[in-house]
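Enquirer: Structure provided below as structure tokens; questions to follow.
The values are calculated or read from the model by the stated rules, or taken from the named source; none is laboratory data. What you see is a predicted model, and the numbers here were worked out from it, not measured in a lab. Because the Cβ atoms are built from the backbone with ideal geometry, glycine has one as well, and the counts that use them run over all protein chains shown.
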Number of protein chains: 2
Amino acid sequence: MVSQHEFSTADSLITIDLDAIVANWRYLDSLSSGSTLTAGVVKANAYGLGADKVAPSLAAAGCRLFFVMSLAEGINLRADLRAAGHDAIPIFCLSGCHAGQEPEFLHHGLSPVINDLTQIARLGMFAQRHDIRIPAALHIDTGMSRLGLNDDETDWLIEHSQDGANALEGIDLVYLMSHLASAEDPDSQANKQQLDAFRALMPFFPSAKASLANSGGILLGTDYQFDMTRPGIALYGEHPAGTTDRADQAMAAQKLRCAVTWDARILQLRQAKSGDAVGYGGTHVLTRDSLIATVGVGYADGYPRCLGGVATAMVGGHKVPVIGRVSMDSLALDVTDIPQNEIRAAVFARLLGDEYTPGMMANDAGTIGYEILTGLGRRPARRFLGDR
Amino acid sequence: MVSQHEFSTADSLITIDLDAIVANWRYLDSLSSGSTLTAGVVKANAYGLGADKVAPSLAAAGCRLFFVMSLAEGINLRADLRAAGHDAIPIFCLSGCHAGQEPEFLHHGLSPVINDLTQIARLGMFAQRHDIRIPAALHIDTGMSRLGLNDDETDWLIEHSQDGANALEGIDLVYLMSHLASAEDPDSQANKQQLDAFRALMPFFPSAKASLANSGGILLGTDYQFDMTRPGIALYGEHPAGTTDRADQAMAAQKLRCAVTWDARILQLRQAKSGDAVGYGGTHVLTRDSLIATVGVGYADGYPRCLGGVATAMVGGHKVPVIGRVSMDSLALDVTDIPQNEIRAAVFARLLGDEYTPGMMANDAGTIGYEILTGLGRRPARRFLGDR
């Protein structure tokens, strides 16, 4: 329950359950052997939920490696972990180390995930100039064509790393990595193909540990888990397949705890008449005398505009429809069917939670839960449960 | 042009042209008579572009009234204006004053836009207790059924504000306001109906100034402009009708300057082979040997995920397609057709700008430019042109 007081000066409140995120990490960690390290992927501000809170909570629970995307994210995360008393935890930046960023990587103790040969050469020269070895991961593409060395580049690197040659001089290759393109679909042939391609490369980098699995990869089973797994979306309570119909996936999804609820202040209750138009463009015309609750969340808060006339919200335990177009700062709910005494006492509507998860919202919006979470705006107030 | 250096530690850079926003404000101001005040609507962090920079720039140009949504936005804006040396500029909060917020409104010199009778009563009692008068606007609904007094409430208020009764005691009613639901469509009958309804109410609030027009309303002509206009989207360079085919609207759109460009760092150039799959799910399969640029913007940055396979970007003056699914932190461009010497020298891709405006992106994403702007993420670096 949320009282009027907790909204303070904001018109909506996002509650993030750090205990749920920690529980999800522990569950994912339990799926692999004791020798497999379970990292925490906290890029994109921990999928929109707040890396400054999420990462220290995971570190306190035993998470010993983090992934972010950009150097800027790495610098912020280093400061957040340090402020929480967690020093020297490796942080890898998936974007790689771009020209001129080498000193910052060194200064903040960050490790690049190397994606191409130019970076290898640049980092190697930097290391030699400073007489150091730079800890890094190497990303090899095995079928996604996004980031990482392609086949030709990989062949070149292998050729120039043998028989005395060392193209990786100055680089402490901690991890060999690749990324699965279709891990959320256990039936996809692409998974096995990528697994085989990855296994074929491992012997050429014997000193590096191996990592292939994202959240979906962890759920594909032990074959995919190697030395380190990199869960992201599942930490935040969403199954990578979304609102899946498969029984095995639905069962796995049950083990994950929803980490986010979103409550919107009721700004106004209004009696409207049959025939009245609601919202921009007057697209929704009432077919009965109605009671409408206008609540303080709109698309500028990250509530997808396309959900007007599609989504539902919960008011005092009742499911109610979103009617008319979603505005920038508000949306309208038809609360006519809620008993008068209940609706008059209601303070807020729940837009996201156990009854309507990010995955369900994504389904209604034609996207994936990842985009819902990372799209949550900065305007809603935020409250963290389990914050220590 | 953007150099590698300007990305600094980020993977993309949003450039906001404050001079363009000021020029748009001046243009909109020129459309109404000298006695009509042209306010600045800077809610939702100035439509995603940064209220802390936009509002002081507008204030320096002569803007003498601002609108935000929530109390929190009002408090922030008051501090931003004060820091820039602009004291005592009225700030109105469209969300209204909610129970318990009265002292904060008073403390920060903010004015509520009153939406219902309960607020009138609550503010009146607060004013009497403190022996003050609270400057406020009154929002009356004339056909949008979103916020503002409905017909019955308006009748009640008028009845109780005459013949010695004063339901508005303690409230200094500065503005009478309503909001147009279909202002972007000059052919909509709703505009004239709302105008007539608004005019019919004005005589009952003779001491209040009148305000009806948002951006679209300003463009509807002088009938709609009254004492104060409230432009929002047009300040930021977008015509309220989006990418319109109407000649008169296209001409007005020409007068507005695009205020935002978005450049994404090229993270990697990769040769890929005909038959290779690109991105998550392998949805895009190459039909020729290709050169792919992976750039550092994804849906977590506010780039709509649905634009994969749909949108275009500019690289060194060449228009190129976005291929495959948009990832959380990156997207792929097919740059095969760009001459080798040009693409090898390229540092970034332009995702938004004069050639592909927020309105055009919105069109491709099935939404409106407002949602594109307000959805811009916090991860991209930001640079302000014209910042003083």
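Enquirer: Run B:GLN4 past the list (1) out of contact with any Gly (no Cβ under 9 Å at 6 or more places or on another chain); (2) polar (S, T, N, Q); (3) not assigned by TED's automatic domain parsing to the domain that holds B:LEU81 and report the number of the one that doesn't hold.
Expert: Of the numbered conditions (1) out of contact with any Gly (no Cβ under 9 Å at 6 or more places or on another chain); (2) polar (S, T, N, Q); (3) not assigned by TED's automatic domain parsing to the domain that holds B:LEU81, the odd one out for B:GLN4 is (1).
Enquirer: Being within 14 Å of chain A (Cβ to nearest Cβ) and buried (at least 24 other Cβ atoms within 10 Å of the Cβ) is the filter here; which residues of the stretch B:336-360 pass it?
Expert: Across the stretch B:336-360, the qualifying residues are B:PHE348, B:PRO358.
Enquirer: For the stretch B:1-93, please list each of the helices (runs of 4 or more DSSP H) lying entirely inside it that holds at least 2 residues being within 14 Å of another protein chain (Cβ to nearest Cβ). Let's see the steps before the verdict.
Expert: On the way: elements: B:4-7, B:18-30, B:43-47, B:51-61, B:71-83.
Hits in the stretch B:1-93: B:4-7, B:43-47, B:51-61, B:71-83.
Enquirer: Next question, about the same structure. Can you pull out the helices (runs of 4 or more DSSP H) entirely within the stretch A:270-388 that have at least 1 residues that are touching a strand residue (DSSP E or B) at 6+ places or on another chain (Cβ under 7 Å) and over 30 Å from A:ASP80 (Cα atoms)? So that I can check it myself, show each step before the final result.
Expert: Values: elements: A:340-345, A:358-365, A:369-374.
Ranges flagged: A:340-345, A:358-365.
Enquirer: Sticking with this structure for a sec: How about the stretch A:361-388: which of its residues are among the small types (Gly, Ala, Ser), closer than 16 Å to A:ILE21 by Cα and buried (at least 18 other Cβ atoms within 10 Å of the Cβ)? Reasoning before the result, please.
Expert: So in the stretch A:361-388, the residues among the small types (Gly, Ala, Ser) come out as A:362, A:365-366, A:369, A:375, A:377, A:381, A:386.
From the residues that got through so far, the ones that are closer than 16 Å to A:ILE21 by Cα too are A:369, A:386.
Once the filter is applied, which keeps residues that are among the small types (Gly, Ala, Ser), closer than 16 Å to A:ILE21 by Cα and buried (at least 18 other Cβ atoms within 10 Å of the Cβ), the stretch A:361-388 yields only A:GLY369.
Enquirer: Given the conditions (1) within 30 Å of B:GLN271 (Cβ to Cβ); (2) among the aliphatic types (A, V, I, L, M); (3) in contact with a strand residue (DSSP E or B) (Cβ under 6 Å, 6 or more places away or on another chain), which single one is not true for A:MET69?
Expert: (3)
Enquirer: Being outside any helix (DSSP H, G or I) and among the hydroxyl-bearing types (Ser, Thr, Tyr), is that true of even one residue in the stretch A:115-135?
Expert: First pass over the stretch A:115-135, keeping only residues outside any helix (DSSP H, G or I): A:115-116, A:131-135.
Subset that is among the hydroxyl-bearing types (Ser, Thr, Tyr): none.
Scanning the stretch A:115-135, I find no residue that is outside any helix (DSSP H, G or I) and among the hydroxyl-bearing types (Ser, Thr, Tyr), so the answer is no.
Enquirer: For the stretch B:98-110, does any single residue satisfy the condition of being modelled with pLDDT of 95 or more, at the interface with chain A (Cβ under 9 Å from one of its Cβ atoms) and farther than 16 Å from A:LEU267 by Cβ?
Expert: yes
Enquirer: Follow-up. If I ask for residues that are closer than 24 Å to A:TYR224 by Cβ, outside any loop (DSSP other than H, G, I, E, B) and out of contact with any Leu (no Cβ under 8 Å at 6 or more places or on another chain), which ones from the stretch A:159-183 would you list?
Expert: Start the filter on the stretch A:159-183 by keeping residues that are closer than 24 Å to A:TYR224 by Cβ, which leaves A:173-183.
This time we only want the ones that are outside any loop (DSSP other than H, G, I, E, B), so: A:173-177.
Answer for the stretch A:159-183, where residues must be closer than 24 Å to A:TYR224 by Cβ, outside any loop (DSSP other than H, G, I, E, B) and out of contact with any Leu (no Cβ under 8 Å at 6 or more places or on another chain): just A:VAL174.
Enquirer: Got at least one residue in the stretch A:255-274 being surrounded by fewer than 16 Cβ atoms within 10 Å (Cβ to Cβ) and away from every other protein chain (no Cβ under 14 Å)?
Expert: yes
Enquirer: May I ask you to list the residues in the stretch B:248-284 that are over 23 Å from the mean Cα position of the chain (by Cα) and small (Gly, Ala, Ser)? Walk me through it before giving the result.
Expert: To start, the set of residues in the stretch B:248-284 that are over 23 Å from the mean Cα position of the chain (by Cα) comprises B:265-284.
Residues satisfying the conditions are B:ALA272, B:SER274, B:GLY275, B:ALA277, B:GLY279, B:GLY281, B:GLY282.
Enquirer: Scan the stretch B:284-312 for residues that are touching a Lys or Arg at 6+ places or on another chain (Cβ under 9 Å), within 10 Å of another protein chain (Cβ to nearest Cβ) and more than 24 Å from A:CYS97 (Cα to Cα) and jot them down.
Expert: B:HIS284, B:LEU286, B:SER290, B:ARG305
Enquirer: In this structure, is B:ALA44 surrounded by 18 or more Cβ atoms within 10 Å (Cβ to Cβ), farther than 26 Å from B:PHE348 by Cβ and not β-branched (Val, Ile, Thr)?
Expert: It is true that B:ALA44 is surrounded by 18 or more Cβ atoms within 10 Å (Cβ to Cβ), farther than 26 Å from B:PHE348 by Cβ and not β-branched (Val, Ile, Thr).
Enquirer: To continue, here is another question. So, of the residues in the stretch B:114-132 that are over 22 Å from A:ARG344 (Cα atoms) and crowded, with 16+ Cβ neighbours inside 10 Å, which turns out to be farthest from the other protein chains (Cβ to nearest Cβ)?
Expert: Of all residues in the stretch B:114-132, those over 22 Å from A:ARG344 (Cα atoms) come to B:126-132.
If we keep only those that are crowded, with 16+ Cβ neighbours inside 10 Å as well, we get B:126-127.
Numbers: B:PHE126: 16, B:ALA127: 20 Å.
Taking the candidates together, the pick is B:ALA127.
Enquirer: Moving on. Tell me whether the stretch A:167-174 contains one or more residues that are surrounded by fewer than 20 Cβ atoms within 10 Å (Cβ to Cβ), modelled with pLDDT of 95 or more, farther than 20 Å from B:THR283 by Cα and within 11 Å of chain B (Cβ to nearest Cβ).
Expert: Looking through the stretch A:167-174, none of the residues is surrounded by fewer than 20 Cβ atoms within 10 Å (Cβ to Cβ), modelled with pLDDT of 95 or more, farther than 20 Å from B:THR283 by Cα and within 11 Å of chain B (Cβ to nearest Cβ).
Enquirer: Sticking with this structure for a sec: Pull out all pairs, ordered by first then second residue, where Cβ-Cβ is under 7 Å, the residues are six or more apart or on different chains, the first lies in the stretch A:366-377 and is small (Gly, Ala, Ser), and the second is assigned to a loop (DSSP other than H, G, I, E, B).
Expert: Close Cβ pairs (under 7 Å, with a partner that is assigned to a loop (DSSP other than H, G, I, E, B)) amount to A:GLY369/A:GLU238; A:GLY369/A:GLY242; A:GLY375/A:GLY48; A:GLY375/A:GLY302; A:GLY375/B:GLY375; A:GLY377/A:GLY302.
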